[in-house]
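In what follows, a single structure is set out as structure tokens and then discussed.
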Amino acid sequence: MTPINAVTTLSIEDGIAVVTLNSPPVNALSVGVRDGLALAFGQLLGQADVKAIVLICEGKTFIAGADIGNLGKGGPQGANLLDCLKAIEGASQPVVSAIHGTALGGGFEVALACHYRVAVPSAKCGLPEIKLGLLAGAGGTQRLPRIVGAERALELMLSGEHVPSKACLEMGLLDALVEEGQLRQGAIAFARQLVADNRPVKKVRDLDDKLKAARANPQFFADFRKANVKKFRGFDAPEANIRCVEAAVNLPFDEGMAVERKLFLELLAGTQCAAQRYAFFAERAVWKIPDVPADTPVLPWENVGILGAGTMGGGIAMNFLNKGIPVTLVETKQEALDRGIATIRKNYDNTAKKGRMTQADVDRRMGLLTGSLAIEALASSDLVIEAVFEEMSVKKAVFKQLDAIAKPGAILATNTSRLDVNEIAAATTRPESVIGLHFFSPANVMRLLEVVRGDKSSGAVIATSMQMARKIGKIAALVGVCPGFVGNRMLAQRQREAQALMLEGARVQDIDRVLFDFGFPMGPFAMSDLAGLDLGWTRESSTGLTLRDKLCERDRRGQKTSAGYYDYDAQRKATPSPVVEQLIAELAAQKGIVQRAVSDEEILQRCIYPMINEGAKILEEGKAIRASDIDIVWINGYGWPVYRGGPMFYGDTVGLAHVVETLQRFEAKLGADFKPAKLLVQLAATGQKFQDPNSIKSN
Ligand code: 3HC
Ligand code: NAI
């Protein structure tokens with residue numbers, strides 16, 4: 001075995017050369033890997049005694065793509081990837097890529113430039129660049145459609161799906177599967193057979209057959225765009241990906257490559273791609289807790305107890321049942337328990353009806369669920385999650401009872417969305433075992449989990465909670481105890497301003513439109529109508545002084561009563577309501593507010609900048625570990641558009657000095673709600689960003 005450079009080795013046995021890359025953790029296409037490829041193939045090409053070449057990787061995976069951290073950063077360039085791929089594809093000997101783990105993005109593009117591809121059954125391949133706001137920039141957009149056709153290529157590129165080996169084989173993306181654990185031997189044997197059979201080099205760039213269908217259908221791309229308008233709203237990368245496939249269909253290979261290059265560089269230079277690359281690393285950073293290191297021992301847990309079978313308890317239970325973890329669900333009344341269990345069953349039945357689950361899957365899940373009316377049924381639970389009414393006295397009583405019956409070491413978690421976790425923990429004799437697990441509704445669907453660390457929550461309880469979140473497929477952000485934690489605390493800022501703007505004269509539909517156009521799935525008023533205006537509202541306690549009171553009193557409770565902030569028709573299509581406009585005008589007059597025209601820019605800044613400011617306060621108070629954790633909360637829990645990176649990243653994008661100046665302008669006009677946080681002022685003054693590695697520590 002000859003070393004080529006620090007990450008590449010070459011061996012030649014009986015005319016078969018094996019180029020091996022070893023660049024942990026994922027063999028990304030760093031300078032070293034590209035140089036290694038260029039040097040190794042440079043040496044091999046034209047070497048008459050080398051009959052075939054195998055490209056393989058050490059470690060847990062084949063090349064997982066470009067080095068995302070260095071994409072677009074300039075600096076030491078090393079060998080050019082496109083030149084490497086040209087050399088590989090131009091080789092006179094057959095080149096076989098041998099894939100295990102994941103061949104993704106640039107990694108899969110390397111494989112597509114090889115003449116043959118083999119993989120173990122557990123491997124996956126794909127072009128996930130779309131998730132980084134990009135397109136495959138090393139020929140992937142031109143080669144993939146030549147193998148699978150334009151329609152399939154669009155599906156794969158626009159979903160970024162990691163496709164299992166078997167499906168790749170069926171689509172022609174792989175030439176053969178080799179036995180698990182025997183990749184090297186299997187690939188060498190495959191290469192040897194190619195030589196024995198005198199098989200030609202097979203260049204993907206020369207294929208054309210699969211492109212003919214799209215070429216024959218002039219409407220093909222227009223139809224695809226039309227069918228996906230909603231899905232791609234706001235994102236730049238989908239259209240660029242489509243244009244590349246269009247180029248693959250309509251232009252010669254090299255011209256298609258030029259289109260790909262141009263669009264790739266445009267996307268790479270854009271804010272959306274920067275935001276999505278930031279989100280990629282934010283998703284990985286969020287699990288790292290400075291004072292709870294990765295090697296903190298976790299507590300053993302095999303079963304879960306849940307108190308309360310209402311909206312949240314049922315949804316939370318489904319997360320565990322889906323993963324084969326037994327759940328005991330406790331209620332106070334038989335009918336509430338029956339209703340809760342029936343809802344879970346109905347949800348699973350609906351999934352089965354849509355063909356996304358078999359009846360056996362439903363039965364298996366329901367078989368793991370036990371209902372009880374006695375809290376003692378939770379005596380052997382390793383993890384208990386309380387999801388009873390949101391009232392401190394009720395929570396305290398429940399935790400006192402739990403303390404009496406739960407086994408030593410069990411984790412006692414509350415799903416409260418705003419109550420003080422420390423106060424709840426103090427109702428027990430073991431506050432170190434108590435933690436907040438704030439699921440979002442619908443709890444079986446929403447990806448976010450705020451793990452709320454009490455003052456006394458132990459490291460083991462925190463580590464186990466994070467591990468549990470991963471196991472059930474959530475993304476968990478560790479947050480501290482404060483009203484509303486991170487997400488709802490910041491949401492309260494936006495809600496306050498939306499209400500204030502409405503009274504000042506901005507129309508409900510304009511506020512919603514501005515936030516929808518910004519990229520949220522819906523605006524705050526449409527959201528309230530969907531959730532129901534009467535959540536927590538009663539006729540007896542209504543003051544009649546707020547718009548919400550006035551609307552609920554008129555039975556305008558949201559979509560469910562076909563009227564709320566908007567009027568709804570039978571198809572739930574919203575139209576602005578003259579009644580609501582009148583009520584708003586009256587309320588404004590009562591409060592002495594003179595209504596005025598409000599610009600879209602003011603709506604956006606008033607709704608978003610106070611959130612950034614609140615995020616800064618959260619960081620100052622140490623209630624979130626890093627700014628990117630806050631962004632993770634907003635992207636995964638509140639529909640913040642990932643292409644804007646989250647509120648803190650957005651603050652960095654528009655400039656913190658500009659955010660501070662704008663807040664100060666509003667403060668002068670509207671009062672202390674807009675006073676910029678100390679951290680924000682300091683960062684702005686020193687020209688730093690939230691995402692700078694030391695921005696929080698140094699302030
Ligand atoms: N570049 C740089 N670092 C990467 C990376 C990449 N392409 N892929 C993964 N990493 C890092 C992660 O940040 C993480 O670092 P950390 O341990 O310091 O946090 C480490 O590798 C391990 O990654 P994961 O924790 O994600 O490990 P998993 O085993 O869960 O997943 C994976 C492995 C499926 C490869 C996943 O990391 C992944 O999806 N990576 C990104 C793949 C991708 O998007 N490739 C396309 C890149 S763009 C491109 O290729 C452009 C080209 O067309 C020119
Ligand atoms: P819910 O009213 O739908 O369900 C609460 C259930 O708890 C009821 O079925 C009730 O019978 C039961 N219950 C009451 N006391 C009990 C006791 N002592 N033992 C066992 N069961 C008892 O309420 P929901 O919406 O499920 O909320 C539950 C908790 O989750 C609250 O703390 C809430 O703040 C929190 N939460 C709610 C969210 C939502 O969107 N609904 C989102 C995130 C958190």
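The values are calculated or read from the model by the stated rules, or taken from the named source; none is laboratory data. Keep in mind it's a predicted model, so treat the numbers as computed, not measured. We place every Cβ from the backbone using ideal geometry, glycine too, and count neighbours over all the protein chains shown. When the accessible area is computed, the model is the full protein with side chains, heavy atoms only, and any ligands, DNA or RNA have been set aside. Shrake-Rupley method; radii C 1.70, N 1.55, O 1.52, S 1.80 Å.
Here the scattering of region 77-198 is modelled by Debye summation over its C-alpha atoms, one equal scatterer each and no solvent; at q = 0.11, 0.21 Å⁻¹ the log10 of I(q)/I(0) is -0.35, -1.22.
Expressed as a whole number of Å, what is the distance separating the alpha-carbon centroids of region 528-578 and region 595-669? So the two Cα centres are separated by 28 Å. Partners of residue 573 within straight-line reach, counting aspartates and glutamates whose Cα lies under 19 Å from its Cα and excluding those fewer than 8 residues away in the same chain: 510, 512, 517, 529, 555, 581. For residue 333, a cut-off of 29 angstrom between C-alpha atoms picks up these lysines, skipping any fewer than 8 places away in its own chain: 323, 346, 395, 396, 400, 407, 560.
Can you work out the FRET efficiency for the pair residue 379 and residue 499, with r the C-beta to C-beta distance and R0 = 56 Å, to the nearest 0.05?
0.75
Phi angles of region 335-350 translate, via the Karplus equation with coefficients 6.51, -1.76, 1.60 and θ = phi - 60°, into HN-Hα couplings of 5, 5, 5, 4, 5, x, 5, 5, 5, 4, 4, 4, 4, 5, 4, 4 Hz per residue; Gly and Pro are given as x. Taking a cut-off of 26 Å, what percent of all Cα-Cα pairs in region 2-260 are separated by more than that? Within region 2-260, distances greater than 26 Å cover 37 percent of Cα pairs.
Place a +1 charge on the Cβ of each Lys and Arg in region 304-482 and a -1 charge on the Cβ of each Asp and Glu, then give the dipole magnitude about the Cα centre in debye, rounded to the nearest 20.
Roughly 660 debye, rounded to the nearest 20.
A probe of 1.4 angstrom, applied to the heavy atoms of all protein chains, finds residue 602 with accessible area near 20 square angstrom. With both residues required to sit in the chain, DSSP beta bridges show an antiparallel share near 35%.
Histogrammed with a bin width of 10 Å, the alpha carbon distances of region 394-464 distribute as 22, 52, 24, 1 percent, first bin at zero. Label positions at residue 694 and residue 261, each projected 7 Å from the Cα along the C-beta direction, are separated by 4.0 nm. Measuring nothing but protein heavy atoms, the accessible surface of region 2-260 at 1.4 Å probe radius is 54 percent carbon and sulfur.
Compared with the dominant Cα axis of the chain, that is its longest principal axis, helix 578-590 is turned about 60°.
Solvent-free Debye calculation, one equal scatterer per alpha-carbon of region 507-590: log10 I(q)/I(0) at 0.14, 0.23 Å⁻¹ equals -0.46, -1.15.
Considering only 595, 670, 38, and ranking their Cα positions along the charge dipole of the chain that arises from unit charges at the beta-carbon of Lys, Arg, Asp and Glu, the one farthest toward the positive end is 595. First check a/c for region 168-302, with a ≥ b ≥ c the square roots of the eigenvalues of its C-alpha gyration tensor; if it is under 1.5, answer rounded, and if not, answer prolate when a/b is larger than b/c or oblate otherwise. Oblate is the answer for region 168-302, as a/c is 1.5 or above yet b/c matches or exceeds a/b.
Which of rounded, prolate or oblate describes region 587-670 when judged by the alpha-carbon gyration tensor and an a/c cut-off of 1.5?
On the way: a/c = 2.01, a/b = 1.85, b/c = 1.08.
The shape class here is prolate.
Could you state the accessible area per residue of region 298-431 in Å², with a 1.4 Å probe and every protein chain left in place?
46
Count of lysine pairs in region 2-260 with Cα atoms under 23 Å apart, counting only pairs 8 or more residues apart in sequence or on different chains? Going through region 2-260 pair by pair, I get 25. Qualifying GluC sites (Glu not before Pro) in region 353-462, where qualification requires a DSSP coil assignment and no more than 12 other C-beta atoms within 10 Å, comprise 391.
In square nanometres, what is one fourth of the surface area of the convex hull spanned by the alpha carbons of region 139-229? Don't jump to the answer; show the numbers that get you there.
Values: hull surface 29.6 nm².
Seen from a random direction, the Cα hull of region 139-229 projects 7.4 nm² on average.
Toward the positive end of the charge dipole of the chain, with +1 on the Cβ of Lys and Arg and -1 on the Cβ of Asp and Glu, the farthest Cα among 463, 611, 158 is that of 158. For region 507-590, the solvent-accessible area works out to 51 Å² per residue, with a probe of 1.4 Å and every protein chain left in place.
Given region 466-621, what whole percent of its Cα pairs are spread farther than 20 Å? Looking at region 466-621, the distances longer than 20 Å represent 57 percent of pairs. The aspartates and glutamates whose alpha-carbon is closer than 13 Å to the alpha-carbon of residue 353, local same-chain residues fewer than 8 away aside, are 361.
Treating only the Cβ atoms of Lys and Arg (+1) and Asp and Glu (-1) as charged, compute the dipole magnitude of the chain about its Cα centre; round to the nearest 20 debye.
Working: 81 positive and 78 negative charges, 108 e Å.
Computed about the Cα centre, the dipole is about 520 debye.
At a threshold of 8 angstrom on Cα-Cα distance, excluding pairs fewer than six apart, so keeping six or more, what relative contact order does region 507-590 reach in percent? That works out to 23 percent. For region 2-260, the per residue solvent-accessible surface stands at 42 Å², with DNA, RNA and ligands left out and a 1.4 Å probe. Distance between the C-alpha centres of region 420-467 and region 213-253: 46 Å, rounded to the whole angstrom. Per atom type, region 507-590 shows carbon and sulfur on 54% of its accessible surface, probed at 1.4 Å. If you wrap the Cα atoms of region 657-699 in a convex hull and average its projected area over all directions, you get 2.9 nm². Averaging the sequence gap over all C-alpha pairs within less than 8 Å and six or more residues apart, then dividing by the number of residues, gives the chain a relative contact order of 8 percent.
Using only alpha-carbon positions, what ratio does the radius of gyration of the chain give when scaled by 2.2 N^0.38 Å? Walk me through the intermediate numbers first.
Numbers: Rg = 28.7 Å, N = 699, 2.2 N^0.38 = 26.5 Å.
Taking the Cα Rg and dividing by 2.2 N^0.38 Å, one obtains 1.08.
Taking Cα centre as origin and charging only the Cβ of basic (Lys, Arg, +1) and acidic (Asp, Glu, -1) residues, the dipole magnitude of region 214-318 rounds to 400 debye. Taking R0 as 22 Å, what's the FRET efficiency between residue 569 and residue 233 from their Cβ-Cβ distance, rounded to 0.05? Plugging the Cβ-Cβ distance into 1/(1 + (r/R0)^6) gives 0.45. Note on region 73-141: Kirkwood hydrodynamic radius from all Cα pairs is 12.9 Å, rounded to one decimal. Work out the P(r) tail for region 304-482: percent of alpha carbon pairs separated by more than 29 Å, whole number. Percent of Cα pairs beyond 29 Å in region 304-482: 15. Per residue, the Cα convex hull of region 7-148 amounts to 105 Å³.
Sorted on the mean count of surrounding Cβ atoms within 10 Å across their residues, most packed first, peptides 504-516, 528-540, 551-563, 55-67 read 55-67, 504-516, 551-563, 528-540. Structural descriptor for region 304-482: relative contact order 20 percent, calculated from alpha carbon pairs under 8 angstrom and at least 6 residues apart.
Rounded, prolate or oblate: pick one for region 329-382, where a ≥ b ≥ c are the square roots of the eigenvalues of its C-alpha gyration tensor, a/c under 1.5 means rounded, and failing that, prolate if a/b is larger than b/c, else oblate. Don't skip to the end; give the middle numbers.
Numbers: a/c = 4.12, a/b = 1.87, b/c = 2.20.
Oblate.
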